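Values in this text are rule-based calculations from the coordinates and carry no lab data. Please read all numbers here as calculations on a predicted model, not as lab measurements. Cβ placement follows ideal geometry from the backbone for every residue including glycine, while neighbour counts extend to all protein chains displayed.
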There are 2 protein chains.
Amino acid sequence: MKAEIIAVGSELLTPDSSDTNSLYLTRQLNETGCEVHLKTIVGDDQKEIEGILRQALERSDLILFSGGLGPTMDDRTRVAVAAALGRPLAPDPKILENLRRKFASRGFRMSPNNEQQAEVIRGAEILDNRLGTAPGMWIEEGNRYIVLLPGPPRELKSILEDHVLPRIRKLTRDKHLETRSFYITGMTESELDSQLAPIYSAYPRIATTILAGTRHISVRLYRWTQEGSNSDDLDELAARIQDKIGLAIFSTKDESMEEVVGRMLQESKNTIAVAESCTAGMLGMHITRVPGSSEYFMGGIQCYSDTAKIELCGVPADLILAHGAVSAEVAEALARGVREALHASIGLSITGIAGPGGGSKEKPVGLVYIGISDGMHTESRHRIMPGDRESVRERSTYLALSWLRRFLMRDDP
Amino acid sequence: MKAEIIAVGSELLTPDSSDTNSLYLTRQLNETGCEVHLKTIVGDDQKEIEGILRQALERSDLILFSGGLGPTMDDRTRVAVAAALGRPLAPDPKILENLRRKFASRGFRMSPNNEQQAEVIRGAEILDNRLGTAPGMWIEEGNRYIVLLPGPPRELKSILEDHVLPRIRKLTRDKHLETRSFYITGMTESELDSQLAPIYSAYPRIATTILAGTRHISVRLYRWTQEGSNSDDLDELAARIQDKIGLAIFSTKDESMEEVVGRMLQESKNTIAVAESCTAGMLGMHITRVPGSSEYFMGGIQCYSDTAKIELCGVPADLILAHGAVSAEVAEALARGVREALHASIGLSITGIAGPGGGSKEKPVGLVYIGISDGMHTESRHRIMPGDRESVRERSTYLALSWLRRFLMRDDP
């Protein structure tokens, strides 16, 4: 069943406010087997709301409105939906009575503008709102279903769960969304797509999305499944992707790189210390986002100045003079030095030029060296990171975590 | 000018993801005098995108697309817009050459699917993307304007600011939104509102919003102004707010606390070092987000373990035994110690219980001590922060910066 969500409210079109109801609605709809293919956010404008509903009726089976059912002059959803459907609105005496009772029980007298909340579109089923005043509505229009929900999240949720989901489940009964996910580092979005497109394009029933972030790339496979049908093709495609890009996949659940690396450190009984020059703490901050990371994170040194590199991380001053602070030699010395200073089994270092200033022809902005040392082996790598200062620092942090993961994999039996 | 925003991407229709670009776009558009009257979120589906654009052309003067310009098979915005406008798409040799150069400079070979990023809609002006690969486009269609922007926020922002806003300003010229902003720390949202409401409610023509974030509270005043009209009442309200809450305002521009504090450190010729226990690098990371921060940030120690506190920050082991690592005494010793270890004029420390584990009745999760020392004076404060692990760490970081600001203000003549 194809669903769309229409959020009504001029406040949702300001720079400071966003429609969060639709995330909750989407989750609930997906679980009942409805796919949300469109979301619209429209102001408190009757003509605009009418226009959107007319278009929605041509493209969606199920149309959910949130908001615009309150008592004030700018609550226009009821009037607009009635107009678009060409149905009259009339006050419902039972709702009116209910409203009066709710106000009285809280010691208020109901003001006349509250009466519009008792207006019902002809043919609509009324959905009782036990947490507020404006009831919801369920309307059948030909083979389309239109649902009106109030905007306050608690009221919207209670009406959806009490009255709307049971009705939708009856309509969709045995259909739901199956997904598989892969989280990938160490390759670009287009490299990845050129490797995967020949594979996933052979499965037209499965929707594949590739999304690149600063931290990693995620690949998601989606397919609607009917009760009783099997998910063999989804498992088959997932296995072929796993075969193709194996090592680059660091997780198949919604799990961060720092969680994956944390688990590997713990399982291999390693501890880690970090020396951070251009990132100045970002790597340590990420590692310790994981609760319990004190079991393997010993600490670090934010060696922003040369003095800190020399005095706290034990980098020989000569080495900095000879090669510069941004060099393979210094990255390796930092990894060795911080490992010892913090009594860790592994030292991990980042030194680079985050920009915007400080670059040269030989050492451009974005050049970053990452060093790693376990006492036996010390090595380093470098990359030129694209983007602005913050992006260079984020990418460096994630690359360091990604190489730490590879380093720990080698120890695997 | 009536604007609408169309965000493209199937991932934006999942329960876990929302379109945040449109908030930024709305703010920028409002400031140039455009009203955003509708937002749509549509999946990577060519026919759907075409349909939405056709409707948009009937109702809006300016139509902004974000997303769907990347190199993968599911990036459909270019193709859909070309189809809806009935204009051909053709590769632009200059963009193609640029793309090849960008890839080469990072040591990658460009894969063929990247070539679709060089395809241009006939008649479009190309908007250079200096932070990524997919360029934007500016298209005039009758008296409508269509803008294509890439989805990654940094790229979208740079293209909007470099190329789109100047074009829109030419079109809207004599109507614009005037704003005044205040960024505030050290009081709660309701405290603030109870002080300000009696003031701003006397100015009904000015819209006032108060928005509380983890970092600070912002107060914004908005008013539409025609060329030639004056902004006396806006200035008057701004002055009354300034009088009322003076010291709590750390900035009146869109400037971060770390920029404000950085400027104060530089002006007072101070340098700073940080000792971070529960934040493990977050404070240093924030301070160094400001380009040029190496002039006053000497570095720091991520003293996650007691050993690091003792050996690297010079905290007496007895002090930790007597008072615990999360205590006023240890916070002060950390501030003193890190100041000396990194040869800074000021030491700033954070030690706390970020949770979810580790709390007790006397020292609950969320308890955080912040220490500060300039060699002459050392002091500390504590707070119990609400929220989850990440929220406790962020609030602690911002509180440390906020107290550093107050500390530096005392030195002011």
* Structure fact -> Partner shielding of A:289-297, as the mean number of partner chain Cβ atoms within 10 Å, equals 3
* Tell me, what is the FRET efficiency for A:Glu115 and B:Ala239 to the nearest 0.05, using R0 = 45 angstrom and their Cβ-Cβ distance as r? -> 0.55
* Asked: In Å and whole numbers, how far do the C-alpha atoms of the range B:175-251 stretch along each principal axis, longest first?
  -> 38, 22, 18
* Which of the peptides B:298-306, B:310-318 is most tightly packed, and how do the rest follow, going by the mean number of other Cβ atoms within 10 Å of each residue? -> B:298-306, B:310-318
* In the neighborhood of B:Gly366, defined by Cβ-to-Cβ distances under 14 Å, what is the net charge if each Lys or Arg adds +1 and each Asp or Glu adds -1? -> +2
* Cα gyration tensor of the range A:2-172 - equivalent ellipsoid semi-axes, whole Å, descending -> 24, 17, 17
* **Between the range A:259-291 and the range B:340-413, the Cα center-to-center distance that results, in Å** => 22
* **10 Å Cβ neighbours from other chains, averaged over peptide B:68-76** => 5
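Given contacts defined as C-alpha pairs under 8 Å and at least six residues apart, what's the relative contact order of the range A:257-410, whole-number percent? If you can, show how the numbers build up before the last one.
Working: 328 pairs, mean separation 37.1, N = 154.
Relative contact order comes out at 24 percent.
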* Which whole DSSP H helices in chain B pass both tests: a Cα extent of 24 Å or more along the axis and a mean Kyte-Doolittle value no lower than 0.0? -> none
* To do: Give A:Lys2/A:Lys170; A:Lys47/B:Lys47; A:Lys39/B:Lys2; B:Lys39/B:Lys253 a once-over and call out the pairs whose C-alpha atoms are over 23 Å from each other.
  => A:Lys47/B:Lys47; B:Lys39/B:Lys253
* To do: At q = 0.13, 0.16, 0.20, 0.21 Å⁻¹, work out log10 I(q)/I(0) for the range B:257-410 with the Debye formula, treating every Cα as an identical point scatterer and leaving solvent out; two decimals please.
  => -0.51, -0.77, -1.21, -1.32
* Quick one: B:Trp224, A:Trp138, fewest Cβ neighbours within 10 Å first, how do they rank? -> B:Trp224, A:Trp138
* What area, in nm² and to one decimal, does the C-alpha convex hull of the range B:20-94 cast on average over all directions? -> 6.2
* Asked: Which of the lysines could a cross-linker bridge to A:Lys363, judged by Cα under 22 Å and excluding same-chain residues fewer than eight apart?
  -> A:Lys309, B:Lys102
* To do: Report the Stokes-Einstein translational diffusion coefficient (µm² s⁻¹, integer) for the range B:108-206, Rh taken as the Kirkwood radius over Cα pairs, at 20 °C with viscosity 1.002 mPa s.
  => 122
* **Most mobile of A:Leu156, A:Leu96, A:Leu367 in a GNM of chain A (Cα contacts under 10 Å)** => A:Leu96
* Cα gyration tensor, the range A:250-332 - rounded (a/c under 1.5), prolate or oblate -> prolate
* Between B:Leu131 and B:Glu390, what is the label-to-label distance in nm when each label sits 7 Å out along the Cα-to-Cβ direction? -> 2.0
* Asked: Tell me, what is a quarter of the convex hull surface for the C-alpha atoms of the protein assembly as shown, in nm² with one decimal?
  -> 38.7
* Structure fact -> Rounded to whole angstrom, the alpha-carbon centroid of the range B:71-122 lies from that of the range B:14-66 at a distance of 22
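For chain B, how big is Rg over Rh, using alpha carbon atoms and the Kirkwood form of Rh?
Value, to two decimals: 1.05.
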* Starting from the Cα of A:Arg154, step 7 Å along the direction of its Cβ; do the same at B:Leu57; then give the gap between the two resulting points in nm. => 4.8
* Asked: So if R0 is 25 Å, what FRET efficiency would A:Lys94 and A:Lys170 give, r being the distance between their Cβ atoms, rounded to the nearest 0.05?
  -> 0.50
* Once the label point is placed 7 Å from Cα along Cβ, list for B:Glu191 the distances to the corresponding points in the other copies, in nm, shortest first. => 5.1
* So what is the calculated 222 nm ellipticity per residue for chain A, using -39500 (n - 2.57) for each DSSP H run with n of 4 or more, over all residues, to the nearest 500 deg cm²/dmol? -> -11500 deg cm²/dmol
* Neighbour-count ranking [beta-carbon atoms within 10 angstrom, fewest first] of B:Lys244, A:Lys361 -> A:Lys361, B:Lys244
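Can you sort B:Val338, B:Val8 so the residue with the fewest Cβ neighbours within 10 Å comes first?
With the sparsest Cβ surroundings first, the list reads B:Val8, B:Val338.
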* Asked: Just counting partner chain Cβ atoms within 10 Å, what average do the residues of peptide B:25-37 show around their Cβ?
  -> 2
